[in-house]
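Read the structure below first, then the notes.
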Amino acid sequence: NGKVSWSGNTPYNARRFSNTPIPRRAINLIKNAVLSLKWDIMPIEDDVENVDDDTLARIKAAKSSFSHPNNTDSFQTLLEIGLVDFCTLGAMVLEPQVTPDPRRPIKLWNVDSSTIRIFPTWTESDPDEARYAQMTGLKGERGAILFTDAELMYLRDNPKVDTPFGTGKMEVAFQSVQAFLGIQEMSGRAGSDQVHKTFLWWEQGQAPQNIDIVRSYLTNDVEGQSKVSMVAGMKPPEVVDVVAVGIEDLLIPWQEMLIRMIANAFDLSPLALGLEKDVNRSTGEVLDDKDFRSAVVPVATKVQEAFTRFILHRKLKWTDLHFVFLGLDDPDQQTKMAMQSQLFAMNCATPNGILKNLGLPKLDSPFADLLQIEMIVINAE
């Protein structure tokens, strides 16, 4: 009949569901929060000041590779595409290729995770054995492109021992989203019902053509018109009022429950999806911080670990460097500033040390490397 079945939890249906308002809001909250984080390439010891020229050159080359992963994408577009697949289908897939250019030693491309199949018999004892196959949809030998374990970065969400694939947040929320869309469709039809909430009842049977005349008259000459109504030839009918659609008919509590279940599937609070009302500021700040730590930090940690392990260590053999997102420890800038101020007041940190922790440039002043007590002594002298 031309209609698409949404009953199965397939990649196509998961992607369709992810484009509806509530799931898209949840995906965007996680995706945009990760994309807004600053990132850097640093030595494993995090001591940038005492590294040699070769290490600085490799750090610069790695930054250039991530900032310009290929000739089309930027780091933001590359990561954004990957994070959408990661939240929707439970996997972020990148194809890396080492280049001969020392200024950009590696290139990266996104791969549709729904097209990747995994060979369950793969073992790491044979590095040349194919582990992944990309299904192209073509016939014959072109229908599958084989990749070894080193040729594809396959980052899974919620990995399990019973399947080689990951489980995406959208897959967890699939049933709740399906039920929510059904309720929304029913509520939309009920709320936008523009028909008259009355019946016209005749005690005596009327000829069908007379009923059609009345119906046509009401539709064409009365609705939306300001005219004097005139009808002749029939006994006046009795007007029977029909109860209008009420708030209970929209099943609002059940919709709110489904939104809560969707929020749980994405590790978010209901407040993040716009459900809670009249939340005071202190409670809202606590919930925002909780959402960041429960939903954003785990995703960012998995991404930075995968970029470090697979791209820097495995592909480039730069095991002394790692990819890091800055600011994962404390996302609340005001709280972080208050903590740094307390450390300065306790003579545990210098201004330049505080600026380094905040990811800001140092001050070119000898006083910026002094503790507060040292500044007080110098000022007194």
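The values are calculated or read from the model by the stated rules, or taken from the named source; none is laboratory data. All figures in this text were calculated on a predicted structure; none of them were measured in a lab. Virtual Cβ from ideal backbone geometry, glycine too; neighbours counted across all protein chains shown. The protein model used for the area step is the full one, side chains on, heavy atoms only, and it has no ligands, DNA or RNA in it. Shrake-Rupley method; radii C 1.70, N 1.55, O 1.52, S 1.80 Å.
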Unmet criterion (only one of (1) touching a Gly at 6+ places or on another chain (Cβ under 9 Å); (2) surrounded by 13 or more Cβ atoms within 10 Å (Cβ to Cβ); (3) farther than 20 Å from residue 262 by Cα) for residue 150: (1)
Mind listing whichever residues of the stretch 331-349 are in a helix (DSSP H, G or I) and either under 30 Å from residue 30 (Cβ atoms) or open to solvent by 80 Å² or more (accessible area, probe 1.4 Å) (or both)? 333, 334, 335, 336, 337, 338, 339, 340, 342
Under 8 Å between Cβ atoms, at least 6 apart or on separate chains: pull out the pairs that start in the stretch 259-275 with a residue that is more than 20 Å from residue 183 (Cα to Cα) and end on any residue that is of a type in the set (S, T, N, Q) and surrounded by fewer than 20 Cβ atoms within 10 Å (Cβ to Cβ). 267/294; 268/294
Suppose the filter is within 28 Å of residue 266 (Cβ to Cβ) and either out of contact with any Gly (no Cβ under 7 Å at 6 or more places or on another chain) or of a type in the set (Val, Ile, Thr) (or both); does residue 336 pass it? yes
Step by step: first the residues of the stretch 85-141, then only those that are part of a loop (DSSP other than H, G, I, E, B) and among the hydroxyl-bearing types (Ser, Thr, Tyr), then the one that is modelled with the highest pLDDT. Which residue is that? 99
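Going by what's in this entry, would residue 328 be described as hydrophobic (A, V, I, L, M, F, W, C) and in a loop (DSSP other than H, G, I, E, B)?
Yes; evaluated as a whole, the condition is true for this residue.
If you take the residues of the stretch 8-28 that are open to solvent by 50 Å² or more (accessible area, probe 1.4 Å) and closer than 15 Å to residue 263 by Cβ, which of them is farthest from the chain's Cα centre (by Cα)?
Here the residue is 21.
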For the stretch 292-333, give me each residue that is over 28 Å from residue 103 (Cβ atoms) and modelled with pLDDT of 85 or more. 292, 293, 294, 295, 296, 297, 298, 299, 301, 302
Restricting to the stretch 350-378, name every residue that is without any contact (Cβ under 8 Å) to a residue 12 or more places away in the chain, over 38 Å from the mean Cα position of the chain (by Cα) and open to solvent by 90 Å² or more (accessible area, probe 1.4 Å). 364, 366, 376
Residues of the stretch 153-167 satisfying the condition of being part of a loop (DSSP other than H, G, I, E, B), more than 17 Å from residue 301 (Cα to Cα) and among the charged types (D, E, K, R): 162
Those residues of the stretch 242-274 which are outside any helix (DSSP H, G or I) and at pLDDT 85 or above, in sequence order: 266, 267, 268, 269
Considering (1) touching a helix residue (DSSP H, G or I) at 6+ places or on another chain (Cβ under 9 Å); (2) closer than 28 Å to residue 293 by Cβ; (3) not aliphatic (A, V, I, L, M), say which one residue 45 fails and leave the rest. (1)
